[in-house]
Amino acid sequence: MRIVVVGAYGLIGSYVSARLLADGHAVVGVGRDLTQARRRFPSVDWRAADLRTASAADWTGLLTGADAVVNCAGALQDGPRDDLQAVHADAVARLVEACEATGARLVHVSAAGVAPGRFDPFGATKQAAENLIAQSRIEWIILKPGLVIAPAAYGGTALLRALAAFPLAIPAVHAQARVQVVAAEDVAAAVSTAIRPETASGQSLDLVHAEPVALGDLLTRLRGWLGLAPAPVIALPPAVAAIPAKAADALAFLGWRSPMRSAAQQQLRLGVAGEAAHAERLGLVPRSLDQILAAMPSGVQERWFAKAWLAKPLILTTLCAFWLVSGLIGLTIGRDAAVALLTSADMPQPLAQAFVVGGGIVDVALALLVAHRRTARLALLGMIAVTAGYLAGGAVVRPDLWLDPLGPLVKSIPAAVLAIAALALLDER
């Protein structure tokens with residue numbers, strides 16, 4: 001069949017697309033940013049569309065000739081790039097309208113625990129979408145997975161791996177919160193069945209394993225899966241986690257969509273629960289957490305990722321602070337000393353002042369650019385280039401500073417090393 005997958009390069013969407021391709025279907029992938037997606041999945045026919053702005057006519061054009069559409073797209077929290085009402089409810093209404101026009105079956109991926117009475121923005125908009133679909137005249141199936149565990153780490157599951165790999169102890173907020181898990185492959189298998197014409201439509205099905213797992217226990221098992229020495233779980237009060245959550249919320253306005261945002265903590269506090277028996281209607285028995293982990297043995301790459309995940313924001317924060325302070329010092333209290341250093345090497349004073357002021361402005365600009373997600377990669381490349389320029393220029397103007405192990409030339413090398421490390425850790429999306 002010809003299947004349109006919306007959000008086809010996300011965690012669930014990528015496993016769904018891979019399964020449908022393996023089943024022999026023609027997959028049309030729909031997403032907002034397709035550069036990396038086209039490299040990762042060359043067998044998918046990619047089409048660009050933004051859920052926030054695509055009209056019913058746009059969706060009708062994309063669904064013409066398709067047998068089914070699988071909506072895997074979603075957002076966690078409102079932000080500059082995400083609008084929960086637009087993505088979860090308004091877009092689904094237009095998608096339903098397009099399904100009515102084309103006759104395509106809709107398989108909608110929601111979330112376990114979404115039910116009437118949820119007043120948080122995530123749950124309320126998800127429930128609004130489910131209501132729209134249930135009241136429509138199309139063929140539909142709603143799938144509601146629990147906490148999705150996959151070989152690939154993405155968003156919240158990446159954070160869980162990082163916490164599990166924390167040195168000496170495992171920090172956890174809402175350590176007693178109960179979650180029910182499901183394997184990404186099991187979700188994909190459910191979609192594979194749900195798109196078939198012979199599968200009864202009009203069903204809303206949870207996809208979870210029956211065992212509720214406390215969050216602290218989940219982190220302990222992930223640590224064992226990584227092959228790390230046992231460590232105690234330290235239950236943190238929610239007030240402690242509120243500080244990084246508010247910081248993550250603020251960083252969203254700079255383009256950083258962290259799983260540490262307050263909405264993620266709210267979902268953990270509410271827990272993730274569902275009816276395990278629902279999956280049997282699709283001929284599926286979801287695997288337990290232990291079965292999932294046993295089927296995806298970890299290696300050195302998983303341990304490296306888990307340990308380095310929290311290092312990325314630390315490195316970026318350090319670089320931002322270093323270049324900002326360096327630039328401000330050069331423009332204020334350190335300007336005269338820097339000018340004197342250059343003029344002592346027979347550089348004309350006007351030229352020396354221009355170099356110092358210009359360098360300070362460049363340093364501050366790089367600090368501001370690295371703080372923004374869309375310009376971070378360019379800023380890191382700029383930091384490496386500017387550091388190389390400082391080293392080369394300093395070696396020519398004042399080569400004696402190379403002999404001082406604490407001199408400004410030698411001290412600039414760690415900044416370049418950190419920029420290279422951040423560049424390696426920075427995802428392209």
Residue in the stretch 267-283 that is polar (S, T, N, Q), assigned to a helix (DSSP H, G or I) and under 17 Å from Leu159 (Cβ atoms) present
yes
Matching residues, the stretch 308-331, being in contact (Cβ under 8 Å) with a residue 60 or more places away in the chain and closer than 30 Å to Arg161 by Cα:
Ala308, Trp309, Leu310, Ala311, Lys312, Ile315, Leu316, Thr318, Leu319, Phe322
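Hey, among Ala158, Ala152, which residue is of a type in the set (Gly, Ala, Ser), touching a residue at least 24 places away in the same chain (Cβ under 8 Å) and in a helix (DSSP H, G or I)?
Step by step, each of Ala158, Ala152 is checked, and only Ala158 is of a type in the set (Gly, Ala, Ser), touching a residue at least 24 places away in the same chain (Cβ under 8 Å) and in a helix (DSSP H, G or I).
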Can you name every residue in the stretch 349-383 that is more than 22 Å from Gly334 (Cβ to Cβ), assigned to a helix (DSSP H, G or I) and not aliphatic (A, V, I, L, M)?
Arg373, Arg374, Thr375, Arg377
Being of a type in the set (A, V, I, L, M, F, W, C), open to solvent by less than 20 Å² (accessible area, probe 1.4 Å) and in a helix (DSSP H, G or I) narrows Ala128, Ala124, Ala188, Ala175 down to just Ala188
Inside the stretch 162-189, can you point out the residues that are modelled with pLDDT under 95 and of a type in the set (D, E, K, R)?
Arg178
Of the residues in the stretch 357-398, how many are closer than 27 Å to Arg81 by Cβ and either small (Gly, Ala, Ser) or open to solvent by 60 Å² or more (accessible area, probe 1.4 Å) (or both)?
13
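For every residue, the table says whether it meets (1) basic (Lys, Arg); (2) touching a His at 6+ places or on another chain (Cβ under 8 Å).
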residue: Gly65; (1), (2): no, no
residue: Gln77; (1), (2): no, no
residue: Glu130; (1), (2): no, yes
residue: Ala134; (1), (2): no, no
residue: Arg137; (1), (2): yes, no
residue: Ala152; (1), (2): no, no
residue: Pro171; (1), (2): no, no
Where a residue in the stretch 162-185 is free of Cβ contacts under 8 Å to residues at least 60 places away in the same chain and its partner, wherever it lies, is open to solvent by less than 10 Å² (accessible area, probe 1.4 Å) and part of a strand (DSSP E or B), with Cβ under 7 Å and at least six apart
Leu163/Ile170; Leu163/Ala172
Does the stretch 208-230 hold any residues that are touching a Ser or Thr at 6+ places or on another chain (Cβ under 8 Å), farther than 25 Å from Val109 by Cα and buried (at least 17 other Cβ atoms within 10 Å of the Cβ), and which are they?
Trp225, Leu226
Taking the stretch 1-36 and keeping residues within 21 Å of Asp427 (Cβ to Cβ), of a type in the set (Gly, Ala, Ser) and surrounded by fewer than 23 Cβ atoms within 10 Å (Cβ to Cβ) leaves Gly10, Ala18
Of all residues in the stretch 295-352, which are touching an Asp or Glu at 6+ places or on another chain (Cβ under 6 Å) and open to solvent by 30 Å² or more (accessible area, probe 1.4 Å)?
Ser326
Among the numbered criteria (1) part of a helix (DSSP H, G or I); (2) under 24 Å from Gly29 (Cα atoms); (3) open to solvent by 20 Å² or more (accessible area, probe 1.4 Å), which single criterion is violated by Ile133?
(3)
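Would you pick out the residues in the stretch 284-299 that are in a loop (DSSP other than H, G, I, E, B) and not basic (Lys, Arg)?
Hits for the stretch 284-299 are Leu284, Val285, Pro286, Ser288, Ala295, Met296, Pro297, Ser298, Gly299.
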So, Val92, is that one closer than 26 Å to Arg261 by Cβ, in contact (Cβ under 8 Å) with a residue 60 or more places away in the chain and surrounded by 19 or more Cβ atoms within 10 Å (Cβ to Cβ) or not?
no
It is to be established whether one or more residues within the stretch 89-103 are in contact with a strand residue (DSSP E or B) (Cβ under 6 Å, 6 or more places away or on another chain) and among the aliphatic types (A, V, I, L, M).
no
Counting only residues that are of a type outside the set (A, V, I, L, M, F, W, C) and at pLDDT below 65, which one in the stretch 401-429 is farthest from Met347 (Cα to Cα)?
Arg429
When the stretch 136-172 is examined, which residues are found to be under 17 Å from Asp290 (Cα atoms) and either of a type outside the set (Gly, Ala, Ser) or open to solvent by less than 20 Å² (accessible area, probe 1.4 Å) (or both)?
Gly146, Leu147, Val148, Ile149, Ala150, Pro151, Thr157, Leu160, Arg161, Ala164
Mind checking which residues of the stretch 332-390 are within 26 Å of Arg257 (Cβ to Cβ), without any contact (Cβ under 8 Å) to a residue 60 or more places away in the chain and aliphatic (A, V, I, L, M)?
Val364, Ala365, Leu366, Ala367, Leu368, Leu369, Val370, Leu378, Ala379, Leu381, Ile384
Hey, Val386 in a helix (DSSP H, G or I) and either among the charged types (D, E, K, R) or over 16 Å from Ile420 (Cβ atoms) (or both) or not
no
Evaluate the following for Pro244: is it under 29 Å from Leu426 (Cβ atoms) and open to solvent by 60 Å² or more (accessible area, probe 1.4 Å)?
no
Please go through the stretch 260-290 and pick out each residue that is at positive phi and open to solvent by 60 Å² or more (accessible area, probe 1.4 Å).
Gly283
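The values are calculated or read from the model by the stated rules, or taken from the named source; none is laboratory data. Everything numeric here is computed off the predicted structure, so don't read it as measured data. A quick note on method: Cβ atoms are made from the backbone with ideal geometry, for glycine too, and the neighbour counts reach across all protein chains shown. When the accessible area is computed, the model is the full protein with side chains, heavy atoms only, and any ligands, DNA or RNA have been set aside. Shrake-Rupley method; radii C 1.70, N 1.55, O 1.52, S 1.80 Å.
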